[in-house]
2 protein chains.
Amino acid sequence: MEQRVSLITLGVRDPARAAAFYEALGWQRAQSPDGVIAFDLLSQTIGLYPLEKLAEDLGLPVEALGTGAMTLSHNVRTAAEVAPLMARAEAAGAEILRPAGPIFWGGTIGYFRAPDGHIWEIAHNPFSPLAPDGRFRWEGY
Amino acid sequence: MEQRVSLITLGVRDPARAAAFYEALGWQRAQSPDGVIAFDLLSQTIGLYPLEKLAEDLGLPVEALGTGAMTLSHNVRTAAEVAPLMARAEAAGAEILRPAGPIFWGGTIGYFRAPDGHIWEIAHNPFSPLAPDGRFRWEGY
């Protein structure tokens, strides 16, 4: 298996409402006439898909679909960018789980929970600077 | 917020055991001396992190951390690649949720559940061909 994630599918109660949350953070949708709301990212896509349909496709009961033991981190270029982005998420309807601030490994982070329960981290990692185009790797660019 | 996910953190019971699963699929780790096991992907990283520590960092009880309402899709270049990769995942300890086969939207997919509960899709999407280097976007390359 090559080392990539092509599509991150988020199961959501109401795709239009979920899309409004990500649009309020500044994202723009891709064209998608077919029941999935898609946002193209740097080299992959996030899709918003009805939770019941995801459960059906997976062959699992809806109640078996939890969130939380997987987090999505959006890294920024400077520590000063973390707090404003957390505030923007809160204004858009997110619950703040951990406010912007220093963390033990030397970075600056915050955690928020998006309206459907998916957990995002906003992080500045001084040891892993982003590439000019925003790409990330563990040992930095 | 720019359109990227920098780091996908998977909360796992036993990071070494979880790493063995991804290594059995053919992945190679990045150097990481600091308690996170990291795999650099095409333009982001997947980190394996102890579930209890993730819960602590988030300020949530471990029991609140579920998996499933978010799936990670690894797309391949041909439909014929889906079944062998599903078999490799099963051999490495995954549970097959949906065997490789056609799906209503015209692609070929399978779903498996990794040992810590995270759900992966192996997919061939004929409408969204990958870039030569494996990048994905909704409308294809």
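The values are calculated or read from the model by the stated rules, or taken from the named source; none is laboratory data. Small disclaimer: the values here were computed from a predicted structure and weren't measured. Virtual Cβ from ideal backbone geometry, glycine too; neighbours counted across all protein chains shown.
Is it the case that A:F136 is more than 8 Å from chain B (Cβ to nearest Cβ) and closer than 24 Å to B:L51 by Cα? So A:F136 does not fit the description; no.
Applying the selection to the range B:121-141, what residues are in a strand (DSSP E or B) and touching a helix residue (DSSP H, G or I) at 6+ places or on another chain (Cβ under 8 Å)? It would help to see each step written out before you state the result.
We begin by selecting, within the range B:121-141, every residue in a strand (DSSP E or B); these are B:121-124.
Within the range B:121-141, B:I122, B:A123, B:H124 meet the criteria.
In the range B:37-54 there is at least one residue matching the filter, namely being at pLDDT 95 or above and loosely packed, with under 15 Cβ neighbours inside 10 Å. Restricting attention to the range A:96-112, the residues that are closer than 19 Å to B:V5 by Cα and surrounded by fewer than 16 Cβ atoms within 10 Å (Cβ to Cβ) total 1. The strands (runs of 3 or more DSSP E) found entirely in the range A:52-120 that carry 3 or more residues being closer than 23 Å to B:V12 by Cβ and within 8 Å of another protein chain (Cβ to nearest Cβ) are A:70-75.
Any chance you could count how many residues in the range A:25-41 are within 20 Å of A:I119 (Cβ to Cβ), of a type in the set (A, V, I, L, M) and either in a loop (DSSP other than H, G, I, E, B) or within 9 Å of another protein chain (Cβ to nearest Cβ) (or both)? Working first, answer last.
Of all residues in the range A:25-41, those within 20 Å of A:I119 (Cβ to Cβ) come to A:25-27, A:37, A:39, A:41.
Okay, now just the ones that are also of a type in the set (A, V, I, L, M), so A:25, A:37, A:41.
Filter again for either in a loop (DSSP other than H, G, I, E, B) or within 9 Å of another protein chain (Cβ to nearest Cβ) (or both), leaving A:25, A:41.
The total comes to 2.
Does the range B:123-135 include one or more residues that are closer than 30 Å to A:T108 by Cβ and not assigned by TED's automatic domain parsing to the domain that holds B:R17? Yes, the range B:123-135 contains a residue that is closer than 30 Å to A:T108 by Cβ and not assigned by TED's automatic domain parsing to the domain that holds B:R17. Within the range A:79-87, can one find any residue that is at pLDDT 95 or above, crowded, with 19+ Cβ neighbours inside 10 Å and among the charged types (D, E, K, R)? Checked the range A:79-87: no residue is at pLDDT 95 or above, crowded, with 19+ Cβ neighbours inside 10 Å and among the charged types (D, E, K, R). Among the residues here, B:T78 does not qualify as out of contact with any Pro (no Cβ under 8 Å at 6 or more places or on another chain) and closer than 20 Å to A:H74 by Cβ.
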